[in-house]
Each structure stands twice: as structure tokens, then as C-alpha cells.
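Working notes for the structure below.
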Amino acid sequence: MPMYIITHKWAPEEDIAAMEEASNFFESVLVKGAELPEGIEFVASYNFAHGSYTIWNAPNKEALENMMVDFPIF
């Protein structure tokens, strides 16, 4: 399965909204047990000022892009 690295960047004034979005994602998947779409696996996240890198396993780029629609800042 292909591995993808996504670069997420946002404006400094969007920091709080971006952190809330990331927190909601991690809480839903890691704490509440929400399922990711079939074939998509979260691998890692590395944060930097006003952005992050996320690493995913996914069957194809389109499946990953479709999932990201729910995370507009990312």
C-alpha cells in the first residue's frame, strides 16, 4: 500500500482553529474509536510553526483527499 506525506500549512491567525481541528480528529479516532475509511491508516504527525506533516498509508491519493474534505484548514 502506498505511503503519503501531506504538508499542512495555515496562516498564523488560524493556529487555534487548526489545533481544534487536529484535536477533534485525534479524539474521534484515538479516543472515541471512530473508524477511518477502509484502507486508510494514520501513521504519524510532526508539527511545526503554522503547519504539520502527516504520514498515511492509503490505497490511493483520491481516497486520502476525500477524507480530508472534513478538515478544511488542513
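The values are calculated or read from the model by the stated rules, or taken from the named source; none is laboratory data. Note that this is a predicted model, so its numbers are computed, not measured. For neighbour counting, all protein chains shown are included, and Cβ atoms are generated from backbone atoms with ideal geometry for every residue, glycine included. These accessible areas exclude ligands, DNA and RNA; they are computed on the full protein's heavy atoms, side chains included. Shrake-Rupley method; radii C 1.70, N 1.55, O 1.52, S 1.80 Å.
Quick notes
- All positions within the range 21-55 that are within 14 Å of Phe71 (Cα to Cα) and modelled with pLDDT of 90 or more: Gly51, Ser52, Thr54
- Residue match in the range 6-27 (condition: open to solvent by less than 50 Å² (accessible area, probe 1.4 Å), in contact (Cβ under 8 Å) with a residue 40 or more places away in the chain, in contact with a Gly (Cβ under 9 Å, 6 or more places away or on another chain) and part of a loop (DSSP other than H, G, I, E, B)): yes
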